[in-house]
1. If Leu46 satisfies all but one of (1) outside any strand (DSSP E or B); (2) surrounded by fewer than 17 Cβ atoms within 10 Å (Cβ to Cβ); (3) in contact (Cβ under 8 Å) with a residue 24 or more places away in the chain, what's the number of the condition it fails?
2. Do we have any residue at all in segment 189-208 that's of a type in the set (Lys, Arg) and over 13 Å from the mean Cα position of the chain (by Cα)?
3. Look through Ser195, Ser215, Ser177 and report the one residue that is among the polar types (S, T, N, Q), closer than 27 Å to Leu32 by Cβ and out of contact with any Gly (no Cβ under 8 Å at 6 or more places or on another chain).
4. Going by what's in this entry, would Ala30 be described as at pLDDT 95 or above, surrounded by 13 or more Cβ atoms within 10 Å (Cβ to Cβ), small (Gly, Ala, Ser) and more than 12 Å from Arg60 (Cβ to Cβ)?
5. Looking only at segment 49-60, filter to residues that are loosely packed, with under 13 Cβ neighbours inside 10 Å and touching a strand residue (DSSP E or B) at 6+ places or on another chain (Cβ under 7 Å); which one of those is nearest to Pro160 (Cα to Cα)?
6. Counting only residues that are crowded, with 21+ Cβ neighbours inside 10 Å and touching a Phe, Trp or Tyr at 6+ places or on another chain (Cβ under 8 Å), which one in segment 211-225 is nearest to Asn149 (Cα to Cα)?
7. Kindly indicate which of Ile58, Ile40 is β-branched (Val, Ile, Thr), in a loop (DSSP other than H, G, I, E, B) and touching a residue at least 24 places away in the same chain (Cβ under 8 Å).
8. Within the group Leu8, Leu56, which residue is closer than 15 Å to Trp168 by Cα and modelled with pLDDT of 95 or more?
Amino acid sequence: MIPPSNRLLRLPGAVAKIYREPWRAHTEKAALQRLSEAGIRAPSVLAGGSVRGRRLLILRRLHGTAPGSGEEALRRVIPYLHRVHHITGPGFGRLFNPVAAGWGDYLRERLVSYQAALTRHGFHEAAATAEALASAPPPEPDAPRLLHNDPEPGNFLFGPAGTAGLDWELAIYGHPSLDYARAAHAFAVHPVQLSRLLTDHGIPHSEETLAAYRSVHLLGRLMSAVTATPPDHVAAQRHARDLITKTT
């Protein structure tokens with residue numbers, strides 16, 4: 001049985017992170033190595049191992065202030081993500097094994113799994129959205145680019161040394177617009193505001209592509225809510241409602 005969550009043990013100057021699934025540890029370790037090579041602020045790996053059959057990493061603890069939500073917080077996170085997106089990989093997918101040759105192939109596989117799960121749980125309108133996106137995925141990026149892939153406010157720290165990113169266990173190589181769309185939703189920033197922030201930072205983007213990735217993000221959140229044990233019905237209804245809400 002997969003444990004319900006990771007476990008964190010606070011140590012002097014460090015955090016011991018015990019992962020619910022081994023691939024999460026492998027992904028985070030690979031991401032932190034790439035970030036270290038690029039000089040981007042994130043926890044460093046001090047040691048690794050296992051405890052009672054679960055993978056373990058000892059991570060250096062960073063200090064700072066959680067950003068909260070809102071436009072001003074996202075304005076400070078966007079340039080950090082933009083630096084991350086300059087890191088490229090050999091293929092698309094999880095960092096420890098990026099085997100997909102094309103982003104569309106990787107994304108299509110995810111969307112087909114969302115469609116199947118949502119159909120089983122009676123979310124037929126959302127399943128139809130997943131099917132449509134799988135049939136016509138957004139454009140390919142120019143290269144497989146490192147994405148945080150879970151840019152929630154709690155996964156960043158603001159401090160004198162700059163912004164730091166935490167919790168890289170879901171990192172993938174993919175299209176930067178997915179990170180920006182996820183971040184906008186997590187920071188409660190409207191897509192129109194997101195487009196303006198990206199323009200202010202000189203980051204090329206397409207509003208149509210951002211809208212598609214907003215749907216991809218919400219479909220993933222909805223799928224997670226309905227397949228959780230027990231299902232999170234409140235979150236599922238919220239994500240289903242957000243999915244059909246106009247963003248312009």
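1. (1)
2. Within segment 189-208, the subset of a type in the set (Lys, Arg) is 196.
Checking which are over 13 Å from the mean Cα position of the chain (by Cα) leaves us with 196.
Yes, that holds for at least one residue.
3. Numbers: Ser195 fails: closer than 27 Å to Leu32 by Cβ; Ser215 fails: closer than 27 Å to Leu32 by Cβ.
Matching residue, one of Ser195, Ser215, Ser177: Ser177.
4. Details: at pLDDT 95 or above: yes; surrounded by 13 or more Cβ atoms within 10 Å (Cβ to Cβ): yes; small (Gly, Ala, Ser): yes; more than 12 Å from Arg60 (Cβ to Cβ): yes.
Yes, satisfied.
5. We begin by selecting, within segment 49-60, every residue loosely packed, with under 13 Cβ neighbours inside 10 Å; these are 49-53.
So of that shortlist, the ones also touching a strand residue (DSSP E or B) at 6+ places or on another chain (Cβ under 7 Å) come out as 49-51.
Working: Gly49: 32, Ser50: 34, Val51: 35 Å.
Per the criteria, the residue is Gly49.
6. Tyr213
7. Numbers: Ile58 fails: in a loop (DSSP other than H, G, I, E, B).
Answer to the check: Ile40.
8. Numbers: Leu8 fails: modelled with pLDDT of 95 or more.
So the residue among Leu8, Leu56 that is closer than 15 Å to Trp168 by Cα and modelled with pLDDT of 95 or more is Leu56.
The values are calculated or read from the model by the stated rules, or taken from the named source; none is laboratory data. In this text, all values refer to a predicted model and were calculated from it rather than measured experimentally. We place every Cβ from the backbone using ideal geometry, glycine too, and count neighbours over all the protein chains shown.
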